[in-house]
Amino acid sequence: MITEKETVLVTGGAGFIGSHTTVALQEAGYRVLILDNLCNSDVAVLDAIAEITGEAPGFIEGDIRDRALLDEVFANHRIDAVMHFAGLKAVGESSAEPLSYYDNNVNGSLQLLQAMQRASVRTIVFSSSATVYGEPQSLPLTESHPRSATNPYGHTKLVVEEMLESLHASEAGWRVARLRYFNPIGAHGSGRIGEAPQGTPNNLLPYVAQVATGRRTEVQVFGADYDTPDGTGVRDYIHVLDLADGHVAALAYCRRTHNELLTVNLGTGKGHSVLEMIAAFEQASGKQVPYKIVARRPGDIAQCWADTEKAYRLLGWRASRTLSEMCEDAWRWEQSRGGVEAAGK
Ligand code: NAD
Ligand code: UD1
């Protein structure tokens, strides 16, 4: 535990992973200041966080590409570390609008790092992704697996990873964590915060959840002819609360060390197929989830899961929540927000 409250600036803290990590940081004794432009989130999440933790996080509505605003934030608050979640994340959209992805994700990160440098704040935890491994050459994926990108979103993650590495090598005192997430799902057990995709969900679990509530008729299973046990794609799904705990552990590690460049996977080390996920969600929700096998989604890989040893060895962190908990928590969240979403359509 920390003795004096340190302040963490959480960019994108109103979003799915940032909001759960804000809760975990507050519970670990940190003060949180969120900077978010609300392009993919709702300000109501702040009240929900306050209800869960008993403490409202600080909030600034603004953009990480706004240089003047960043300077003001660092001048007016004593920031000890930054957790950087803000960015765009839809793979398909990144191919249609690549420049917005380079602008938000690469330029946004550049502006943030420059502002940190000007303010002499040199601790940053960055949201990277397992997408940087490209097509797996071997499994489980270790952090030393070669990196590649097949779409602009993945490319932005690669570029920011490189930018952080160069910055770390150039100047003493930088403490950098690059966390490679596998597939975060689930929600806080209170049902007050969770994943709220706008429009049609791109990712499997939010789609399955909406079929279970009856908002959508059936899941389209993208391919059943992969070289996997049941032919459908296999992924390493991780509870978002485990992921949030992994961030707190990574920050604690950075605080213990000096001049660190930490790169770790945040996953469970176990893979589950699309059909297993549908069955697990049916079990958790007590609802039927009809599905239809359709063609593969272009750009998808057959299977991937994390090697989790490095995270355990360095951070003492391991994911502990089960697949049933992930589905039960996602289901509770989906039901609690059903009316809100329907009203907003
Ligand atoms: P999210 O969209 O729910 O959260 C991102 C937040 O950042 C949103 O609240 C959005 O309003 C904000 N934001 C976006 N651009 C901004 C900008 N220019 N200035 C200020 N705020 C901005 O996404 P998430 O799922 O919570 O993902 C968080 C991070 O984790 C992203 O960087 C994403 O690429 C990465 N990631 C996510 C996943 C996943 O499956 N969800 C997997 C791997 C990596
Ligand atoms: C996607 C992104 C990846 C990102 C990750 C986490 C693509 C190509 N990749 O990966 O860059 O890091 O999300 O945000 O979008 N599936 C269906 N039907 C659906 C949706 C998905 O069968 O309606 C299948 C997919 O083929 C895959 C699995 O479910 O086998 C998981 O898909 P998804 O949730 O989109 O995650 P990823 O493909 O791992």
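Taking only the stretch 41-72 into account, find how many residues are more than 14 Å from ILE193 (Cβ to Cβ) and not acidic (Asp, Glu). Break it down stepwise before answering.
Taking the stretch 41-72 as the starting set, the residues that turn out to be more than 14 Å from ILE193 (Cβ to Cβ) are 54-55, 58-72.
Among the residues that remain, those that are also not acidic (Asp, Glu) are: 54, 58-60, 62, 64-65, 67-70.
Residues flagged as more than 14 Å from ILE193 (Cβ to Cβ) and not acidic (Asp, Glu) within the stretch 41-72 amount to 11.
Starting from the stretch 16-42, keep only residues that are in contact (Cβ under 8 Å) with a residue 40 or more places away in the chain, then list their pairs with residues that are of a type in the set (Phe, Trp, Tyr) whose Cβ atoms are within a distance under 6 Å, requiring at least 6 positions of separation or different chains.
Cβ pairs passing all conditions: ILE17/PHE85; GLY18/PHE85.
Looking only at the stretch 1-55, which residues are outside any loop (DSSP other than H, G, I, E, B) and aromatic (Phe, Trp, Tyr)?
PHE16
Among the candidates VAL176, VAL159, which residue alone is in a strand (DSSP E or B), under 25 Å from TYR101 (Cβ atoms), away from ligand 2 (no atom under 14 Å from the Cβ) and modelled with pLDDT of 95 or more?
Exactly one residue qualifies, and that residue is VAL176.
Looking at the structure I just gave you, is VAL43 in contact with a strand residue (DSSP E or B) (Cβ under 8 Å, 6 or more places away or on another chain) and crowded, with 22+ Cβ neighbours inside 10 Å?
No.
A quick yes/no check of all residues on (1) modelled with pLDDT under 95; (2) surrounded by fewer than 21 Cβ atoms within 10 Å (Cβ to Cβ):
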| position | (1), (2) |
| --- | --- |
| TYR133 | no, no |
| GLU165 | no, yes |
| ALA172 | yes, yes |
| ILE185 | no, no |
| GLY189 | no, yes |
| GLN198 | yes, yes |
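Can you tell me which residues in the stretch 274-311 are aromatic (Phe, Trp, Tyr) and over 19 Å from the mean Cα position of the chain (by Cα)? First the steps, then the outcome.
Within the stretch 274-311, the subset aromatic (Phe, Trp, Tyr) is 281, 291, 305.
Scanning the stretch 274-311 gives PHE281, TYR291.
Six or more apart or on different chains, Cβ under 8 Å: which pairs go from a residue in the stretch 172-183 that's under 8 Å from ILE124 (Cα atoms) and touching a residue at least 60 places away in the same chain (Cβ under 8 Å) to one that's within 16 Å of ligand 1 (Cβ to nearest atom) and not in a strand (DSSP E or B)? Could you list them?
VAL176/LEU164; ALA177/ALA250; ALA177/LEU251
Just one of (1) part of a loop (DSSP other than H, G, I, E, B); (2) farther than 30 Å from GLY29 by Cα; (3) among the small types (Gly, Ala, Ser) trips up ALA280, so point out which.
(1)
The values are calculated or read from the model by the stated rules, or taken from the named source; none is laboratory data. Quantities reported herein were computed from a predicted structural model and do not represent experimental measurements. Reconstructed Cβ throughout: ideal geometry from the backbone, glycine too, with neighbour counts over all protein chains shown.
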